[in-house]
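The values are calculated or read from the model by the stated rules, or taken from the named source; none is laboratory data. Model, not experiment: these values are computed from the prediction. Counting neighbours? That spans all protein chains shown, and the Cβs are built from the backbone with ideal geometry, glycine included. Surface accessibility is based on the protein's heavy atoms, side chains included, excluding ligands, DNA and RNA. Shrake-Rupley method; radii C 1.70, N 1.55, O 1.52, S 1.80 Å.
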Amino acid sequence: MKKLFTIIVCKVLKFVGGLLGKGSSLPGQIALKLCPDILGRIELPKYIVAVTGSNGKTSTVEMIAHILCESGKKVAWNKEGSNQIEGVTTLILGSCTLSGKVKSDILLIESDERFAKYTFKYITPTHYVITNLYRDQLTRNGHPEWVYNAVKESIHPETQLILNADDPLVSCFGYGRDNVVWFGAGNLPTDTKEFVGVYNDGAYCPHCKSPMTYSSYHYDHIGNYECPNCGLKRQDTSYTVTSADLEKGEITINNKYKIELTLKSLYNVYNLLAAFTVASITGVDGNTIAKSLSNYVLKNFRVVTFTLGNRKGTLVTSKHENSISYNQSLKLAASDKDKCDVLIIVDAVSRKYFTSDVSWLWDINFDILKSDNVKNIVLAGTYCNDLATRFSFSKVDRNKIKVIKDIEEAVDYLDNDRKEKIYVITCFSDKGKFLEKVKVD
């Protein structure tokens, strides 16, 4: 009766919350108070796929769900993006019968990396994707190795891990473990022999702390590495990006499956590859997956196309305090074969913890914008002068940079008769401040 009552309460609260445009975590929060072990009382489906990591969780989960649903499978997933235990509880109880049986073929869970150990205390994923572990919000996540230890507590011995082989820290989860599926990228035209960036988190082995060697880098510390001391190295991959033409917008997986890209970023390719891997493992044919992913446009508003006057633009959401995320967004603009303007907005820092800490700006490789195709760079928001100070230490031409604190004024400045595309780079908390002033396509 306790289980039945808890499920009913959660479903009612979720329904009411849905009417109000809310309700993704509160119903689960109350359900856990009514019955703390409720997740251990639910009958779960054959496949329980979990996804965590510093970046790409939401996009990867959305693409997995898209592929599986198109292939005829019934999927329960936290599409609202509420990825802590309360949100996951809302998802599961909202998707089950009153008797406590999840009605889907596959339960797909996006989990916050720090809180996965709580979510998976009562749930054992059959498959567990770990996308990457990067420097992130200092106030929440400290150092990536601290996050690694938090994620490690969430892993069950019987769970099959699906790991990014190109991330040294992520690869440690599979060290000495047999039940692992590896995904990654092969040799690509954009690879470099030397490290390119402000800091190198791959300089030392995350397992034994000895100096580590690389034969090539895909971006930042992601690449083909090996530790001469303990033997930690990039593992051979079962699912591999064997070729990538980002200018053309096309990749090939396992020398067979071609996928056309809407977002021409290697960063996004890893999310796509992780989704391909999961769908293949759960029984979807490779050709079907490739068809589902080709030209797929994400619905999570991480990437938004817009129109400003006569100008077209793309807003790319990059997590403040996450330099690798920013670097990849900068590369997207700098690699565009056409001329463009770039607007960078930093108006709020730390979405949950107000600190005014902008030290993370110094981890970003703004030299990426030292590109002939980038004509103007506008710095806007409360922290525009901090951005300007950081840019003064970059190699970017000062004459290209304009500082406009007020976001509306910055938008008006870019609303001109020029035809060049606009790239806007900002965080979740600030994107709405820009999008409300333009026409979203």
**Report entry** Theoretical gain in end-to-end length, ASN254 to TRP146 [0.36 nm per residue, Cα-Cα removed]
**Finding:** 35.5 nm
Query raised in the report: With charges only on Cβ, +1 for K and R and -1 for D and E, what is the dipole size of the chain about its Cα centre, in debye, rounded to 20?
Result: 1060
Requested in this report: Give me the aspartates and glutamates in straight-line cross-link reach of LYS57: C-alpha distance below 12 Å, same-chain residues under 8 apart excluded.
Outcome: GLU110, ASP112, GLU113
Report summary line: Taking Cα atoms, the helix 85-94 axis meets the longest principal axis of the chain at an angle in degrees (rounded to 10) of 60
Query raised in the report: Which three extents, in whole angstrom, do the alpha-carbon atoms of region 51-107 cover along their principal axes, largest first?
Result: 36, 29, 14
Query raised in the report: Tell me, what is the per residue accessible area of the chain in Å², probe radius 1.4 Å?
Result: 42
Query raised in the report: In the P(r) worked out for region 11-144, what percent of Cα pairs fall beyond 26 Å?
Result: 20
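Going down the table (LYS400/LYS439; LYS121/LYS291; LYS339/LYS395), which pairs top 29 Å between alpha carbons?
Working: LYS400/LYS439 26 Å; LYS121/LYS291 36 Å; LYS339/LYS395 19 Å.
From the list (LYS400/LYS439; LYS121/LYS291; LYS339/LYS395), the Cα-Cα distance tops 29 Å for LYS121/LYS291.
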Query - Relative contact order for region 106-200, counting Cα pairs under 8 Å that sit 6 or more residues apart, in percent - result: 27
Requested in this report: Treating the angle as unsigned and between 0 and 90°, give the value, to the nearest 10°, between the Cα long axis of helix 266-281 and the longest Cα principal axis of the chain.
Outcome: 20
Query raised in the report: Just how large is the dipole of region 370-411 about the Cα centre, in debye to the nearest 20, putting +1 at every Lys and Arg Cβ and -1 at every Asp and Glu Cβ?
Result: 280
Query - Per-selection Rg to Rh, region 69-171 - Cα, Kirkwood hydrodynamic radius - result: 0.99
Requested in this report: Pick out which of PRO206, PRO45, PRO36 has the largest mean-square fluctuation in a Gaussian network model of the chain, springs linking Cα atoms closer than 10 Å.
Outcome: PRO36
**Report entry** Between region 366-441 and region 221-296, the alpha-carbon center distance in angstrom
**Finding:** 31
Query raised in the report: At what distance in nm do the modelled label points of ASN416 and SER356 sit from each other, each positioned 7 Å from its Cα along Cα→Cβ?
Result: 3.3
Query raised in the report: Mind checking which of VAL411, VAL278, VAL346 has the largest fluctuation in a GNM of the chain, springs on alpha carbons under 10 Å?
Result: VAL411
Query raised in the report: Using 0.36 nm per residue, how much length does the chain from ILE30 to LEU435 gain when fully extended, once their Cα-Cα distance is taken away?
Result: 142.4 nm
Report summary line: Computed over region 187-313, the Cα gyration tensor eigenvalues, each multiplied by 5 and square-rooted, give semi-axes in Å (largest first) of 30, 21, 13
Query raised in the report: On a 0 to 90 degree scale, rounded to 10, what angle separates helix 2-19 from the longest Cα axis of the chain?
Result: 30
**Report entry** Carbon/sulfur fraction of accessible area - region 141-241, other protein chains in place, 1.4 Å, %
**Finding:** 47
Query raised in the report: In the structure shown, do any of LYS3/LYS103; LYS193/LYS319; LYS193/LYS256; LYS264/LYS421; LYS370/LYS437; LYS73/LYS101 have a Cα-Cα gap over 19 Å, and if so which?
Result: LYS193/LYS319; LYS193/LYS256; LYS370/LYS437
Report summary line: Semi-axes a, b, c in Å (a largest) for region 401-441, each sqrt of 5 times a Cα gyration tensor eigenvalue, come to 17, 14, 10
Requested in this report: Could you pull the Cα extents of region 144-187 along its three principal axes, largest to smallest, in whole Å?
Outcome: 33, 24, 14
Query - Two-decimal ratio, region 280-359, of alpha-carbon radius of gyration to 2.2 N^0.38 Å - result: 1.47
Report task. Please list VAL241, VAL440, VAL180 in order of solvent-accessible area, largest first, computed with a 1.4 Å probe with all protein chains present. Result -> VAL440, VAL180, VAL241
Query raised in the report: Can you give the relative contact order of region 161-289 as a percent, counting alpha carbon pairs under 8 Å and 6+ residues apart?
Result: 22
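To the nearest µm²/s, what D does Stokes-Einstein give for region 246-392 at 4 °C and 1.567 mPa s, using the Kirkwood radius over alpha carbon pairs as Rh?
Values: Rh = 17.2 Å.
Answer, rounded: 75 µm²/s.
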Report task. Determine the dipole magnitude for region 35-157: charges of +1 sit on the beta-carbon of Lys and Arg, -1 on that of Asp and Glu, nothing else is charged, the reference point is the Cα centre, and the result goes in debye to the nearest 20. Result -> 220
Query raised in the report: If you project the alpha carbons of the chain onto the principal axes, what extent comes out on each, in Å, largest first?
Result: 70, 54, 42
Report summary line: Rounded to the nearest Å, the spacing of the alpha-carbon centers of region 311-339 and region 28-65 is 30
